[in-house]
Amino acid sequence: MLAGWGRAILLQLAHPLVAQGVADHSRFASARRGRVRRLERTLRGMLALTFGTAEEAAEAAAGINKIHDRVNGRLREGAGVFAAGTGYSAHDPALLVWVHATLVDSFLLTYERFVAPLSPAERDRYCREAGGVAPLLGIPPDALPRSTGELTAYMERMLSSGEIVVTATARSLAREVLSPGLPWPARPPLAFARLATVGLLPPPIREVYGFEWSPRRERALRLLSAAARKSLPFLPPLVRHWPAARRAARRERDGETP
């Protein structure tokens, strides 16, 4: 699933208000270990919201909301339908829905590309269950896509609305996402992650970011996907599944309330 995270982040940054908020309030690009720490924080929060107990999910959401309390400001330059000076807030339901939808869309795409196909019912169930975080994050319950059809319609509407515009700020942040300056042992897996991040983007978004893509890279991505699908079934759960997911599975087996 981490292979799809980069795609989701770049789609999120393609919204000018999201990109401005990250640039203004995140130490992602400036702090020496900011990128790693932010990934660790985000990962802990996502795992708690997805696999945690009700108490763990509520605590994670409270932490996210506390960070969001101080994320507000104004767009410095006009972009798309947004004039310079347009205000933004991390509590804006419209921005929260965009962030949520890009994650769900990316995770579904990544799962089917790198793990296994999903039935229409499974895809719809994932959309519904992912929407369970809405009340915890202050999102109106009926604002999130609850089926694959709703998700696809929402993504298509947003991508053609004029709200999704890749700015210079987004391009600068994208470079930090794709080349985070990690120690050399992490660079080979990072190269694979970069291939998936760029290759899985919608082609129009990939082009306006200025990323190069070629038939050779497309073939490399197909080979990587096929290798992942063939090898994953042979990995033991200790390697394949997050500890939080294994704990959730044990609770389910023991009959505890989800």
Of all residues in the stretch 162-178, count the ones that are in contact with a Gly (Cβ under 8 Å, 6 or more places away or on another chain), more than 22 Å from Ala193 (Cα to Cα) and either free of Cβ contacts under 8 Å to residues at least 24 places away in the same chain or not aliphatic (A, V, I, L, M) (or both). 2
Is it fair to say Asp124 is free of Cβ contacts under 8 Å to residues at least 60 places away in the same chain, out of contact with any helix residue (DSSP H, G or I) (no Cβ under 6 Å at 6 or more places or on another chain) and open to solvent by 30 Å² or more (accessible area, probe 1.4 Å)? no
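So which of Leu136, Leu109, Leu151 ends up being farther than 24 Å from Ala23 by Cβ and touching a Gly at 6+ places or on another chain (Cβ under 8 Å)? Quick ask: steps written out before the conclusion?
Values: Leu136 fails: touching a Gly at 6+ places or on another chain (Cβ under 8 Å); Leu151 fails: touching a Gly at 6+ places or on another chain (Cβ under 8 Å).
Just one listed residue meets the conditions, Leu109.
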Can you tell me which residue among Ala48, Ala62, Ala8 is aliphatic (A, V, I, L, M), open to solvent by less than 30 Å² (accessible area, probe 1.4 Å) and more than 27 Å from Val208 (Cα to Cα)? Ala48
Of the conditions (1) open to solvent by 60 Å² or more (accessible area, probe 1.4 Å); (2) free of Cβ contacts under 8 Å to residues at least 60 places away in the same chain, Arg247 fails just one. Which one is it? (2)
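Might you let me know whether the stretch 136-147 holds any residue that is among the basic types (Lys, Arg) and closer than 28 Å to Leu75 by Cβ? Full working, then the answer.
First, pick out the residues of the stretch 136-147 that are among the basic types (Lys, Arg): 146.
Next, from what is left, pick out any that are closer than 28 Å to Leu75 by Cβ: none.
No, there is no match, as no residue in the stretch 136-147 is among the basic types (Lys, Arg) and closer than 28 Å to Leu75 by Cβ.
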Taking only pairs six or more apart or across chains, which ones have beta-carbon atoms under 8 Å, a first residue in the stretch 227-240 that is closer than 16 Å to Ala3 by Cα and assigned to a helix (DSSP H, G or I), and a second residue that is open to solvent by less than 100 Å² (accessible area, probe 1.4 Å) and of a type in the set (Val, Ile, Thr)? Ala228/Val115; Arg229/Val115; Leu232/Val115
Can you name the residue in the stretch 88-121 that is hydrophobic (A, V, I, L, M, F, W, C), surrounded by 15 or more Cβ atoms within 10 Å (Cβ to Cβ) and outside any helix (DSSP H, G or I) and is also farthest from the chain's Cα centre (by Cα) among such residues? Leu118
Looking at Glu212 and the list (1) over 11 Å from Gly199 (Cα atoms); (2) among the charged types (D, E, K, R); (3) without any contact (Cβ under 8 Å) to a residue 40 or more places away in the chain, which single condition is not satisfied? (1)
Of (1) within 20 Å of Ala8 (Cβ to Cβ); (2) in contact (Cβ under 8 Å) with a residue 40 or more places away in the chain; (3) not small (Gly, Ala, Ser), Leu75 satisfies every one except (1)
Within the stretch 127-161, the residues that are touching a residue at least 60 places away in the same chain (Cβ under 8 Å) and open to solvent by 50 Å² or more (accessible area, probe 1.4 Å) are Leu136, Gly138
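The values are calculated or read from the model by the stated rules, or taken from the named source; none is laboratory data. What you are looking at is a predicted structure, and each value in this text was computed from that prediction instead of being measured. When we count neighbours, we look across all protein chains shown, and the Cβ atoms used for this are built from the backbone with ideal geometry, even at glycine. We work out accessible area using only protein heavy atoms, side chains counted, and drop any ligands, DNA or RNA first. Shrake-Rupley method; radii C 1.70, N 1.55, O 1.52, S 1.80 Å.
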